[in-house]
Amino acid sequence: MTDAPRTYITTTIPYVNARPHLGFALELVQADVLARHRRQAGDDVRLLTGTDDNSLKNVIAAEAAGVGVQEFVDRNAVAFERLRDPLSLSFDDFIRTSSDPRHRVGVERLWQRVAEAGDLYRKHYEGLYCVGCEQFWTPEDLDGGNCPEHGTPPRPVAEENWFFRLSRHADTLRRLIGDGTLRIEPASRRNEVLGLIDGGLHDFSVSRSRTRARGWGIPVPGDDDQVVYVWWDALGNYVTSLGYGTGGEDFDRWWAGSGRRIHLVGKGVIRFHAVYWPAMLLSAGLPLPTDVLVHDYLTVEGRKISKSAGTVVDPADLVARYGTDAVRWWLLRDVPRVGDADFTAERLVQRHDTDLAGGVGNLVNRIVTMVHRYRAGRPPAVRGGDVPGVARVVGVARVGGIAAVSEWLARAVEESAGRVGSALEDYDFRQAAAAVWTVVEEANRCIDATRPWVHARAEKDGDRASAERLDDVLGALLASCLVLAERLTPFLPDAAARITAQCTPVDGVLPPPAPLFPRLSDTAARPAEAGQETGGQGTAGRRAVAGA
C-alpha cells in the first residue's frame, strides 16, 4: 500500500450469451489506456472487468444450445477473460457474478442495507419487458412498439416483485450531478441524465419471480420465491469485487476511501449507471462513483453490431488477423469522443499502414538506420539536459540537445505529456492519440530540415563542424524516439516496448534496425526524396493480408 493517489477504473460487465464483440473491446481498451496512463503518472491504480452471468438472456441462450446454464456461462466467460493477451490489457481483477465467492454475499449485503433504509417494498406489477436489455419499458418509451435499444417488441409480464424507491433520491441525484460531484462525460450525456431526472423518476422492480428467471440468479434475502434483478446484481460487482460484505481492506481502500472511482459505460446503459446505481448507493449510505464516462457505439459497415444481423466482429479474431497494435490504434485514433464510429477492415488497415507502418515505424527505422550507417550503431554523445519522463540512456541527447537541433521538435516533446494528460482527463482518446502523433510529425520535419545525410557527406570531406552537427541531430532524433515510446505506452504498450528496445544501446550499440510494423496491405509507402533514408519500412517490411 502506498500514499499515491488512488484511481479505481471499471468497465461494464457484459452478458455471456455469446462471444465478445468489438464494441466491448472498445470499452476494455479505453479503460486500459486510462489505467496505464494513471500508473505512469504515479497513481495507485486498480482496473476491474468481468462478466454478467446471471441474466435471463444467458438462460435462454443455454437452453437453445442444449447445455446447462452454468456450463454455458463458464464456457463463454472464458472468451472474455482471454481478451487480456490479444488486446494487451492490464486489468487487475476479473469478476464473474455466477461463481465468484465475493459476489453473492456482497449483493445480499447491499440488499439488506437498502431494505434497512426503508427503500424496498413488494407490489404487483404489469408491464412490457425486453429480455435483450433486461428492463421494463413504458409504452411511451417504445419506438413504434419496439424496444428502442434492440428493435424488438417487449413481452407483457405480470407478477409480484420487490421495488426500489428510486423516486426518493431524485433531488439528491440532481444536485450531485449538477454540481459535478458525480461527473458524467460528455456534457451531452450529463444533460441526458438530468433530463431523465427532471422528467420524473419512477420506482423500479428489483426482483423477478424465481419461475420466470428459470431458477437462475441470486435469491432475494428472506424471499426464496424471488431472485435479485440482474441489473441490481450486476451493478453490485463494482463493490462486491472489493470485498463489500465480506470484509477486508480493499473496499475501504478503493471505494470508501479517497480517490477517483471511474466507470466506463456504453450509452445504452447510462440510465443504470448514472441513475439507478448512484441511487442504490445513496440508499445504502455508500460513496458514489466520481466519474461516469459514456461512449457511443461502434457500427460495422454502417450497421449496428448485432448477432442476428451477422454484424458481430470478434476482437480476438481481428487481432489474430491484423495484430494487437492495429486493433488498439484504430479504436483509439478513429473513434470520436461523441458520435458512433463505423468499423471496416479497410479503415483499420489504412490507419495502421499510414500511422504505424508509414509513420512511427518508418521514423524509428530511419533514425536507427542512420545511427548504424553514420556511427556504427553507437549513439553519439551530445550536449543537453534531461528529457522529461524518459529513463536515461547512455549517449542520448536530452531536451536541451533537442532544442539545439529543432525548437519545434523540443516543444512537441515537452508539450506532448501535458496534451495527452489533458485529453485523457477529458476522456477524449482520439485527441490524446493525436497529441502523441505530434512528436512523430515534428521528428519527421526535423529530419527533412536538418538533412543528416548532407552532414554525413561533409564529414567525410573532413568538415568537423558537420560531424558535430550530425552528432547533435542523431542524438536529438533518438531521444525523441524514446519520448515517443514513453507517450505511446498507454496506447500501444507492445509497440512502445519494441521502440524502446530498438533505440536503447546494448553494450553501447543499438540493435540492428528492423521493421516495427509490417504493412498490412500492398499500398506502397510514399517514396523518399533522393538521398533520404527510408529505414526499411517500405517494400521489404510489407505483409499482405487477404481481404484487407
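The values are calculated or read from the model by the stated rules, or taken from the named source; none is laboratory data. Please read these numbers as outputs of a predicted model, since none were measured by experiment. In this analysis, Cβ positions are derived from the backbone assuming ideal geometry, glycine residues included, and neighbour counts consider all displayed protein chains.
Points worth noting:
- Exactly one residue out of Gly257, Gly268 is in the same structural domain as Leu48 (by TED's automatic domain parsing), over 22 Å from Arg109 (Cα atoms) and of a type outside the set (S, T, N, Q), and it is Gly268.
- Exactly one residue out of Ala456, Ala479, Ala435, Ala423 is at pLDDT below 95, assigned by TED's automatic domain parsing to the domain that holds Thr369 and of a type outside the set (Ser, Thr, Tyr): that is Ala479.
- Residues of segment 68-101 that are within 22 Å of Arg214 (Cβ to Cβ), part of a helix (DSSP H, G or I) and β-branched (Val, Ile, Thr): Val69, Val73.
- In this entry, Leu264 passes the filter for residues that are touching a residue at least 60 places away in the same chain (Cβ under 8 Å), crowded, with 22+ Cβ neighbours inside 10 Å, in contact with a helix residue (DSSP H, G or I) (Cβ under 9 Å, 6 or more places away or on another chain) and outside any helix (DSSP H, G or I).
- Filter result (surrounded by fewer than 14 Cβ atoms within 10 Å (Cβ to Cβ) and more than 26 Å from Ala435 (Cα to Cα)) within segment 318-342: Ala320
- Subset of segment 491-548 (residues that are modelled with pLDDT of 50 or more, in a loop (DSSP other than H, G, I, E, B) and either within 18 Å of Thr324 (Cα to Cα) or of a type in the set (A, V, I, L, M, F, W, C) (or both)): Phe491, Leu492, Cys503, Leu510, Ala514, Pro515, Leu516, Phe517, Pro518, Leu520, Ser521
- Odd one out for Arg36, checked against (1) within 11 Å of the chain's Cα centre (by Cα); (2) closer than 19 Å to Val294 by Cβ: (2)
- Every condition in (1) assigned to a strand (DSSP E or B); (2) closer than 23 Å to Lys267 by Cα holds for Tyr125 except the one numbered (2).
- Checking each residue in segment 41-78 for being of a type in the set (Val, Ile, Thr) and surrounded by 20 or more Cβ atoms within 10 Å (Cβ to Cβ) picks out Val45, Thr49, Thr51, Val59, Val69, Val73.
- Pairs with Cβ under 6 Å, 6+ apart, first in segment 493-522 and buried (at least 18 other Cβ atoms within 10 Å of the Cβ), second of a type in the set (Asp, Glu): Ala495/Asp325; Arg519/Asp353; Leu520/Asp353
For every residue, the table says whether it meets (1) modelled with pLDDT of 95 or more; (2) hydrophobic (A, V, I, L, M, F, W, C); (3) touching a Leu at 6+ places or on another chain (Cβ under 8 Å).
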residue: Ala404; (1), (2), (3): no, yes, no
residue: Gln431; (1), (2), (3): yes, no, no
residue: Glu442; (1), (2), (3): yes, no, yes
residue: Thr450; (1), (2), (3): yes, no, no
residue: Gly475; (1), (2), (3): no, no, no
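- Positions within segment 238-268 being under 30 Å from Ala158 (Cβ atoms) and either in contact with a Leu (Cβ under 8 Å, 6 or more places away or on another chain) or at pLDDT 95 or above (or both), in sequence order: none
- Given (1) within 22 Å of Tyr238 (Cβ to Cβ); (2) touching a Lys or Arg at 6+ places or on another chain (Cβ under 6 Å), number of the condition Val59 does not satisfy: (1)
- The lone exception for Arg392 - which of (1) modelled with pLDDT under 95; (2) closer than 18 Å to Val439 by Cα it fails: (2)
- Residue tally, condition within 31 Å of the chain's Cα centre (by Cα) and without any contact (Cβ under 8 Å) to a residue 40 or more places away in the chain, over segment 171-189: 6
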